[in-house]
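Asker: Just passing along the structure, written as structure tokens.
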Amino acid sequence: MNRKITASLIVLSVLVIYLIAANVKFTSGVKIKKLKTQVDEILINRPSSTIRLHKKDGRWVINDKAFPADPALVDEMDKSVREIEIVDLVSKKGFYYRYDLTPDRYMEVISKKEGKIIRKVKFGKRGSTGRHTFVRVDDRPEVFLAEGVFEGLFDKQVEDLRSREIFRAARGDVSGFEINCGGKITAFTREAADKKPAGADKKKNGKKDKPVASRKWTCREVPEAKIDGSRIESFLSMFDPLTANSYSAIAKETLGRTACSIKIKCRDKEYTLNIVRKEKDKYLAVSPESGYVFFVEEFKARKIMSASPSDFTSRD
């Protein structure tokens, strides 16, 4: 009996050791400290080009032209460098050419705070599993294997890094909008009226029900029309936020006449989009909220330009 118990314990011990080994990441004792410092500059160096992301007036911008950058994308880049996760030490002796970590092959990302370098990472090729990347960190000579794949995150052009948001007119804050296409104007207004729900005077848990706001839409040109609020909400979703498909190098002053415009009243703010003309499968547009000429998708432009009271009328 004792022999059976001993054999069972040995088998159990081997199984436990196997499970532990299968779930523990061995990093040869190497640790790369995760940094909490909030950076204000990121350099992306490739063999043939450099992109500089830096903060200006509290916002991320790109290169000397200071194009607004996509903040979520830059934050992801920043975090991936500061908190890079090393899963293994691959080489202490170099042999960088094996891992695409030579100057003519690697991509280097440098994070700075007030001009001081806080981290440098050189990214080489992917590991054999396709889920890891060979890297060098700071000025250390070793080659490490890092968790994740990074070329999709950092291997971008300036256009890819630019913020696409032109403005954000929160649908719940919109009190009205006006469309002017070739002098034909259509305007919609939302009226708010407080109404008490049934049993409002009754108390629940010692508290009275709060008034519920009734939000009714009307069309100035066809005041008798019964406007479907859900159709209006669907239309306004294009502006919450309004995003550019891409940007144009055309100067604003050379654009010419506006073909169609929409003005959206949002609390104490009025947002304007001016659609100028079609170019291929997109429309050139401008807005006071952006200093740049940009493109909007054809379906968005056509939806605005063709909008009429009947598009928003209830089918009931």
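Asker: Taking 0.36 nm per residue of sequence separation and subtracting the Cα-Cα distance, how much length would be gained by fully extending the chain between Leu153 and Asp228, in nm to one decimal? Each step should come with its number before you reach the end.
Answerer: Details: separation 75, 0.36 × 75 = 27.00 nm, distance 4.25 nm.
My answer for the length gained is 22.7 nm.
Asker: Turning to a different aspect of this structure: In a shell of Cβ-Cβ distance under 14 Å around Gly58, excluding Gly58 itself, what net charge do Lys and Arg (+1) and Asp and Glu (-1) give?
Answerer: On the way: positive: Lys55, Lys56, Arg59; negative: Asp40, Glu41, Asp57, Asp75.
Result for the neighbourhood of Gly58: -1.
Asker: Related question: If I stretch the segment between Asp281 and Lys184 completely, what's the gain in nm (0.36 nm per residue apart, minus their alpha carbon distance), one decimal?
Answerer: Numbers: separation 97, 0.36 × 97 = 34.92 nm, distance 2.44 nm.
Length gained between Asp281 and Lys184: 32.5 nm.
Asker: With respect to the cross-link table entries Lys34/Lys120; Lys93/Lys122; Lys116/Lys156; Lys55/Lys122; Lys226/Lys269; Lys36/Lys92, which display a Cα-Cα separation exceeding 19 Å?
Answerer: Numbers: Lys34/Lys120 13 Å; Lys93/Lys122 16 Å; Lys116/Lys156 24 Å; Lys55/Lys122 23 Å; Lys226/Lys269 27 Å; Lys36/Lys92 27 Å.
Result: Lys116/Lys156; Lys55/Lys122; Lys226/Lys269; Lys36/Lys92 exceed 19 Å.
Asker: Can you give the charge dipole size of segment 28-161 about its Cα centre, rounded to the nearest 20 debye, using +1 on the beta carbon of Lys and Arg and -1 on the beta carbon of Asp and Glu?
Answerer: Working: 28 positive and 23 negative charges, 109 e Å.
Once rounded to the nearest 20, the dipole reads 520 debye.
Asker: To the nearest 0.05, how large is the calculated FRET efficiency for Ser128 and Arg267 if R₀ is 51 Å and r is the Cβ-Cβ distance? It would help to have the intermediate numbers written out before the result.
Answerer: Numbers: r = 56 Å, r/R0 = 1.09.
Efficiency for this residue pair is about 0.35.
Read-outs throughout are calculated quantities, based only on the coordinates presented, and are distinct from any laboratory measurement. Quick caveat: nothing in here was measured; it's all calculated off a predicted structure. Don't worry about glycine lacking a Cβ; one is built from the backbone with ideal geometry, like all the others, and counts go over all protein chains shown.
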